[in-house]
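First comes the structure, then the notes that go with it.
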Ligand code: 4HQ
């Protein structure tokens, strides 16, 4: 996978190649990150990349010409990549989108600053527009890094352990189950006994049941979107029944209704 990022702040992307899972993926050659500064594609002595908005109003807009030249240079260097612009007006990305993005050989990520980029640049030179969420950031750099982090960890060999279990697990589309590590007992309580039992089938069943219960209680929209198998529906009903028995006064009443 190849990422080419067009950004006024190329230095901030060093964090991805320097640390953690993404840093290791870069070191192993699973991903290449190339950085391009639109200021290097200006013609004027002031290296101007922004200008005032037509129609008036606050803030500045990124000019067409430096971005057009930067995209042309990147397209020549990475002819198989598609160009994506990060903005709140874009397609809202979820994990399924990250899996799709990871299938392409490469992406050019355009990270805007100020009020954004001239619309004509988007219309003519951008293939996709993506949003990481319904909030307003000061620039596209963090969204670009979010996408890169989420995609890089999907690349074969990026995680230390065998990722197949994690990636095509039955917990796809559900929230994660709770995790525990040593010691078995702390001042805060004991680890659930089933996790100490060595019974792998029972552990897998407990984890799925926890994932179903938490998803139903915290993100019912995910269950409605994904649907449930017969086995999952039975596990969730049993988990809801048990949770009502254990904490009769707890939680809004709508969380207790059955799926
Ligand atoms: N911005 N998802 C404005 C975002 C954003 C988001 C990036 C702020 C683009 C011009 N991008 N700039 N949310 O808030 O992708």
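Just so it is clear, none of the values below were taken in a lab; they were calculated from the coordinates. Given the structure is predicted, the values throughout are model-derived calculations rather than measurements. Every residue, glycine as well, gets a Cβ built from its backbone with ideal geometry; the counts of neighbours run over all protein chains shown.
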*asked:* Antiparallel versus total DSSP beta bridges in the chain: what percent is that, nearest 5?
replied: 15 percent
_Gain upon complete extension [residue 120, residue 229; 0.36 nm per residue less C-alpha separation]_ = 34.6 nm
*Ellipticity estimate at 222 nm from DSSP helix runs (n ≥ 4, -39,500 (n - 2.57)) divided over the chain, nearest 500*: -11500 deg cm²/dmol
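Multiply the residue separation of residue 182 and residue 18 by 0.36 nm, subtract the distance between their alpha-carbon atoms, and state the gained length in nm to one decimal.
Separation in residues times 0.36 nm, less the Cα-Cα distance, equals 56.1 nm.
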*Theoretical gain in end-to-end length, residue 214 to residue 245 [0.36 nm per residue, Cα-Cα removed]*: 9.5 nm
*Most mobile of 122, 101, 244 per a Gaussian network model of the chain (Cα springs, under 10 Å)?*
244
*Using the Cα gyration tensor of region 169-256, with a ≥ b ≥ c the square roots of its eigenvalues, what is the shape: rounded (a/c below 1.5), prolate (a/b larger than b/c) or oblate (neither)?*
oblate
*What shape does the chain take by its C-alpha gyration tensor, where a ≥ b ≥ c are the square roots of the eigenvalues and a/c under 1.5 counts as rounded, a/b above b/c as prolate, and the rest as oblate?*
prolate
*How high is the relative contact order of region 169-256, in percent, counting Cα pairs under 8 Å that sit 6 or more residues apart?*
31 percent
_Pairwise FRET efficiency - residue 11 versus residue 44, Cβ, R0 = 30 Å, nearest 0.05_ = 0.80
*Could you pull out which residues in region 29-48 have an amide N less than 18 Å from a spot 7 Å beyond the Cα of residue 60, following the Cα-Cβ vector?*
37-48
*asked:* Quick check on region 76-179: take the gyration tensor over C-alpha atoms, sort the square-rooted eigenvalues as a ≥ b ≥ c, and tell me if it's rounded (a/c under 1.5), prolate or oblate.
replied: prolate
